[in-house]
Amino acid sequence: MAIAVYSFVRITEMYFKLPPNENLDYFIFCGTITGYNFVKYAGVAKLHHKSLTNDLKIIQIFSFLCFLAMCYYGCLIDFKTLLLSLPLALLTVLYAVPFLSGFAKNLREISYLKIIVVAFVWTGFTVLIPLFDAGKEGTLSAVFYAIQRFLLVIVLILPFDIRDMKFDAISLQTIPKKIGIDSTKKLGVALLVFSLVLEFMSSTEITVKSPFMLFFFLMIIFLMRAKINQSKYYSSFWVESLPIVWLLFLLGFHNF
């Protein structure tokens with residue numbers, strides 16, 4: 001997951017011809033590991049804090065080390081950029097920590113809000129913050145690009161939501177649960193087509209268009225093949241790795 005987010009950050013830098021900002025890139029990378037493990041394991045650790053398995057203890061130690069690294073790199077980036085990241089970090093916390101309905105619900109448990117929050121946070125960290133840090137956040141291309149990233153992340157989440165239909169609580173109304181798997185796939189394709197239009201509106205260089213087209217078709221293939229009873233690594237590895245593949249395509253075309 002963190003490598004996918006890092007790939008999205010590097011893609012943004014390449015699209016806008018920004019020099020790699022290693023301190024910011026590593027801050028986002030370490031922050032992603034910290035935030036993801038917090039969201040995924042905070043509830044489990046709370047319930048079993050006295051009898052944590054060795055694997056979970058290792059994850060906690062690793063997450064703490066990543067948190068320290070995040071703090072270190074956070075001290076090296078611009079203070080205004082750090083301030084901009086705080087609301088996104090707060091959303092990540094509220095995604096996992098119950099604070100609604102008498103502290104019984106978190107953002108993840110509100111219908112349709114789960115996918116919006118995740119897409120917004122990913123877009124914030126992989127587009128808005130790098131462009132803000134470079135002073136290029138106010139351009140029309142940046143707006144188109146941010147909207148496109150938001151839509152792409154939503155589509156990336158859909159195979160996960162399809163997979164989790166048999167695990168999610170009845171009260172958690174995800175898109176596949178509400179409109180069905182076939183309609184979800186049609187919605188995903190429509191969002192991808194719109195993202196393709198935005199691609200041609202925001203960029204003109206063949207070195208970025210061609211890699212995006214390859215990524216675009218891979219996204220459609222993995223979305224259309226998604227199902228409830230998918231293999232263990234279908235979403236958690238193959239779908240998650242698509243941003244990494246996109247970055248490799250970009251690097252390949254730039255070095256060609």
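Structure summary
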| item | result |
| --- | --- |
| Hits in region 191-235 - residues which are within 19 Å of I175 (Cβ to Cβ), out of contact with any helix residue (DSSP H, G or I) (no Cβ under 6 Å at 6 or more places or on another chain) and among the polar types (S, T, N, Q) | N229 |
| Among (1) open to solvent by 50 Å² or more (accessible area, probe 1.4 Å); (2) not in a loop (DSSP other than H, G, I, E, B); (3) not aliphatic (A, V, I, L, M) - the single one K185 does not satisfy | (1) |
| Residues (open to solvent by 50 Å² or more (accessible area, probe 1.4 Å) and among the small types (G, A, S)) located in region 207-235 | S231 |
| Filtered residues of region 176-200 (kept if modelled with pLDDT under 90 and closer than 17 Å to L113 by Cβ) | K177, K178 |
| The one condition in (1) at pLDDT 95 or above; (2) among the small types (G, A, S); (3) farther than 20 Å from V5 by Cα that S203 fails to fulfil | (1) |
| Hits in region 129-149 - residues which are within 18 Å of F216 (Cα to Cα) and surrounded by 19 or more Cβ atoms within 10 Å (Cβ to Cβ) | Y145, A146, Q148, R149 |
| Residues that are out of contact with any Leu (no Cβ under 9 Å at 6 or more places or on another chain) and modelled with pLDDT under 85, drawn from region 30-52 | F38, V39, K40, A42, G43, K46, L47, H49, K50, S51, L52 |
| Cβ pairs under 6 Å, 6+ apart, first in region 220-243 and over 19 Å from S195 (Cβ atoms) and among the hydroxyl-bearing types (S, T, Y), second part of a helix (DSSP H, G or I) and open to solvent by 30 Å² or more (accessible area, probe 1.4 Å) | S235/F160; S235/R163 |
| Selection count where residues are in a helix (DSSP H, G or I), closer than 20 Å to F144 by Cβ, open to solvent by 20 Å² or more (accessible area, probe 1.4 Å) and in contact with a Leu (Cβ under 7 Å, 6 or more places away or on another chain), scope region 7-24 | 2 |
| Where a residue in region 2-18 is more than 11 Å from I244 (Cβ to Cβ) and in contact (Cβ under 8 Å) with a residue 12 or more places away in the chain and its partner, wherever it lies, is basic (K, R) and open to solvent by 30 Å² or more (accessible area, probe 1.4 Å), with Cβ under 9 Å and at least six apart | F16/K136; L18/K136 |
| Unique residue being open to solvent by 50 Å² or more (accessible area, probe 1.4 Å), among the hydrophobic types (A, V, I, L, M, F, W, C) and either part of a loop (DSSP other than H, G, I, E, B) or at pLDDT 90 or above (or both) when the list is F62, F27 | F62 |
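The values are calculated or read from the model by the stated rules, or taken from the named source; none is laboratory data. In this text the structure is predicted, and so the values were computed from the model without any measurement. Neighbour counts are summed over all protein chains in view; Cβ atoms, including those assigned to glycine, are modelled from backbone coordinates with ideal geometry. Please note that ligands, DNA and RNA were not included when accessible areas were found on the heavy atoms of the full protein model with its side chains. Shrake-Rupley method; radii C 1.70, N 1.55, O 1.52, S 1.80 Å.
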